[in-house]
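Chemist: Once you've had a glance at the structure underneath, I'll fire off some questions.
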Amino acid sequence: MLTVKTTALVSLVCALATVSIAAALKSHRASSGSALRPVAMETASVVPVKEAAPAPKREALIGADDLQLLAARRLAMPVQGYDALKLHDTFDELRGGIRKHEALDIMAARGTPVVAVDDGVIMKLFRSIAGGITIYQSDPSEKFAYYYAHLDRYRDGLKEGDAVHRGDVIAYVGSTGNAPANAPHLHFTIFLLGPEKKWWRGKAVNPFPYLAAR
Ligand SMILES: [Zn+2]
C-alpha cells in the first residue's frame, strides 16, 4: 500500500516538476537571451515534448533479435538487495499528462547502493534538471545504454570510460532532479542505441521483463 501511495506521489511530483521546469527554462531564456542546449529529461530523448506529431525515429520498432540479446544479458537488479517480486511496471505511466515515463521507478532508502546491471563501460556522467545526477552505462557491445537517475552521488572515483562489471556498486540512491525529497528512488531504463552509439540518442526499452522475478 505504502509503495502504491509513494509511486502515485512520485508521478504527481514528476508532473508538477515538468511544468515548473518548462516555466523555469522559459524565464531563463528570457532573462539571459542565450540559447540553451536541450536538457535531457528523465529519458535521454531530445525530441521536444511539445511536438504535435510523433517523431518518426521513435516509431521504429525494436527487433525481436535485439530483445533476445538483452534477455541473454541476464541483468542484475540495479538497486542492491531489492526484491524483484516488489517491482512495479511504471514504464507506460504518463508524466506531466503528455509524456510517457519510459522507465522504472525503484523505491529505496537514500544511500542504498546502485549496482551495474551488466558488464560495460561508463559512457557518460551527466547532470540534468529532471534526472539530477545520472549515469549512462553501455553493455559490452555498446548496443544498449543503461540509464540510472536521481542518484544521491556517484561511487567515489567513478569516471567516464571506466569498465564496470555486473554487480559493481556505481552510485547511491537519492532524489536529485525532479524526484520528491521524501521519496528517494532509482529511475532506471534501457536505451537501444543507434549505429552512431550516442548516449543521448536511443530508443527506450522497458526493463521490467528483464528485472522482474523470473
Ligand atoms: Zn522515474
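The values are calculated or read from the model by the stated rules, or taken from the named source; none is laboratory data. All values derive from a computational prediction rather than experimental measurement. Heads up, the Cβs are rebuilt from the backbone with ideal geometry, glycines too, and the neighbour counts pull from every protein chain shown.
Chemist: Between a residue in segment 82-101 that is at positive phi and any residue that is within 12 Å of the ligand (Cβ to nearest atom), which pairs come within a Cβ distance under 9 Å, given they are 6 or more apart or on different chains?
Modeler: Close Cβ pairs satisfying both conditions: Gly96/Cys14; Gly96/Ala15; Gly96/Ala17; Gly96/Thr18; Gly97/Ala15; Gly97/Thr18.
Chemist: Look at segment 138-157 and say how many of its residues are over 20 Å from Tyr210 (Cα atoms), surrounded by fewer than 24 Cβ atoms within 10 Å (Cβ to Cβ) and not basic (Lys, Arg).
Modeler: So the answer is 4.
Chemist: Which of the residues belonging to segment 149-197 are closer than 23 Å to Asp66 by Cβ, more than 11 Å from the ligand (Cβ to nearest atom) and either within 15 Å of the chain's Cα centre (by Cα) or of a type in the set (Ser, Thr, Tyr) (or both)?
Modeler: Ile190, Phe191, Leu192, Leu193
Chemist: Hey, another quick one. Which strands (runs of 3 or more DSSP E) sit wholly inside segment 90-140 and have at least 2 residues that are of a type in the set (Gly, Ala, Ser)?
Modeler: 120-128, 132-138
Chemist: Would you mind stating whether Pro195 is touching a helix residue (DSSP H, G or I) at 6+ places or on another chain (Cβ under 8 Å) and surrounded by fewer than 18 Cβ atoms within 10 Å (Cβ to Cβ)?
Modeler: No.
Chemist: Here is a follow-up. Among the residues of segment 163-214, which ones are among the hydroxyl-bearing types (Ser, Thr, Tyr) and closer than 13 Å to Ala149 by Cβ?
Modeler: Tyr172, Ser175, Thr176, Thr189 - these are the residues of segment 163-214 that are among the hydroxyl-bearing types (Ser, Thr, Tyr) and closer than 13 Å to Ala149 by Cβ.
Chemist: Does Ile135 satisfy the criteria of being surrounded by 21 or more Cβ atoms within 10 Å (Cβ to Cβ) and more than 16 Å from the ligand (Cβ to nearest atom)?
Modeler: Spelling it out, it is not the case that Ile135 is surrounded by 21 or more Cβ atoms within 10 Å (Cβ to Cβ) and more than 16 Å from the ligand (Cβ to nearest atom).
Chemist: Which count do you get for residues in segment 169-214 that are modelled with pLDDT of 95 or more, under 14 Å from Asp139 (Cβ atoms) and in a loop (DSSP other than H, G, I, E, B)?
Modeler: Residues flagged as modelled with pLDDT of 95 or more, under 14 Å from Asp139 (Cβ atoms) and in a loop (DSSP other than H, G, I, E, B) within segment 169-214 amount to 1.
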